[in-house]
Amino acid sequence: MKPTLLALNESTKVEQLPRRNTDYKSNMIKIWGYNNLDWTGLQKYILVFTQMDDPEFDQIAPGLLSIGINYLRVNSENFLNNFRMKLTFKNKKMVGTFSNEIESVNLQQVSGIWFRHFSLDNIVWPKSVDKVSRSYIKEQWETLFETLNHADTWIISPFEMTKKLPKPVQLGIAQQIGFKIPPTIITNDNAWLDTLKLPLFLKAVRNHSIIVNSDRLKKVYGKTIYSPKSIKRGKMLLTPSIAQKYYKHNSITEVRVTAFGDNLIADQYVNVESDDWHNQGINGVEIKAYELPNNVEDMVKKVLAKAKVSIATVDLFQSNGYWYFLEINSVGDWKWLENKVKQPFSKSCLNYLKKGVFYEQAKD
């Protein structure tokens, strides 16, 4: 039996990720040389673990340097060749150094560790490394990065946050706080789906993309089920999916909330026509700024606090006067929104990081 993605969704597309280096700092060093640049006043560091394709961090990187925060960036595609670390224990504390091909940073200098789009599935493997060795190597690095989650510094976002905060857990937290959620079943048994009234919206339990290799993603977007015949019944057993009541886009108010700590920026999707707006593309969706009611804003903050997430996006919708929670993106993607709506996402992110690095740590 050939497995399908999302148990039924045969129409998936592969997205080619760029492998070009668009990081501001590393390119400035290539142009001018490390020793010819002025690093005065940049003693506070953030360790950023991400991938080459990270437009949000590319956007804020110059701003970080301008407010006195340096950073060491580690991309998952090339970290095996470019990243060096050493940890030890001194005076009952974990200490260490982290290096790339240009510079080295002491853990004591690190004021924050931020895991963004960093995945060990993105590794570019030398051809000489066999499958068994790859499993072993990944396991060792996975354990090391989990160790960094417990470092004595500000963990802006921990390693593998999407595993720590899966969508079913998010739904439970949102209900506890007071949000409504769509009638939901998470199952690999199509018989259970028959207990929900059609149409249904099916989506992945985790991410809506699968890493094919270090520069290719297969997108697995949600799909509306209008008829039992559209469900691949035998293949449903292979993987669980989230099935929820489908709400027509023209009958609800769809809102995305981007959070930087307590600072929330809300936007409304206006003209969604596809089952999943991702299929329509960011250029095909009209976005406008939206003002959340105070009580909804408070609930969003409580959800994020309980989920232990500070930089993230939250998807909500309003129907018949009630606010429903859909999910949290615990990485937070806002560059495309900033381009369309001209709201101060990057500035808000920088303000949050500055406060965390300089002000909150000063209290400690």
Residue by residue through segment 253-262, the couplings from Karplus 6.51 cos²θ - 1.76 cosθ + 1.60 with θ = phi - 60°, in Hz, x for Gly and Pro, are 9, 9, 10, 10, 10, 9, 10, 10, x, 7
What does the C-alpha gyration tensor say about the overall shape of segment 128-204? Classify as rounded when a/c is under 1.5, otherwise prolate if a/b is larger than b/c, or oblate. oblate
Residues whose placed amide H lies under 5 Å from that of TYR71, excluding near-sequence neighbours: ILE46
Pairs LYS86/LYS354; LYS93/LYS347; LYS44/LYS86; LYS44/LYS347; LYS167/LYS306: which are spaced more than 23 Å apart, C-alpha to C-alpha? LYS86/LYS354; LYS93/LYS347
Residue span ASN81 to ASP152: 0.36 nm per residue of separation minus Cα-Cα distance leaves a gain in nm of 22.9 nm
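Pick out, in residue order, every one of the chymotrypsin sites (Phe, Trp or Tyr not before Pro) in segment 22-52 that is DSSP loop and has at most 12 other C-beta atoms within 10 Å; say none if there are none.
For chymotrypsin sites (Phe, Trp or Tyr not before Pro) across segment 22-52 that sit outside H, G, I, E and B with at most 12 neighbouring Cβ atoms in 10 Å, the list reads TRP39.
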Which ³J(HN,Hα) values in Hz, rounded to whole numbers, follow from the phi angles of segment 153-166 under the Karplus curve 6.51 cos²θ - 1.76 cosθ + 1.60, where θ = phi - 60° and Gly and Pro get x? 7, 6, 8, 5, 8, x, 4, 6, 4, 5, 6, 6, 10, x
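Considering only DSSP states other than H, G, I, E and B, which trypsin sites (Lys or Arg not before Pro) in segment 297-364 qualify as loop sites with at most 12 other Cβ atoms within 10 Å?
Qualifying residues, ordered by number: LYS342.
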The value for segment 63-151 (convex hull of the alpha-carbon atoms, volume per residue, Å³) is 116 Å³
Amide H of SER310: which non-local residues (sequence gap of 5 or more, or other chain) have their own amide H closer than 5 Å, using H built in the peptide plane? none
Beyond 18 Å (Cα-Cα) in this structure, taken from LYS180/LYS301; LYS301/LYS335; LYS248/LYS301, we find LYS301/LYS335; LYS248/LYS301
Extended-chain gain in nm, criterion 0.36 nm per residue less alpha-carbon gap, TYR34 and THR97: 20.8 nm
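Values in this text are rule-based calculations from the coordinates and carry no lab data. Computed from a predicted structure; not experimentally measured. Because the Cβ atoms are built from the backbone with ideal geometry, glycine has one as well, and the counts that use them run over all protein chains shown.
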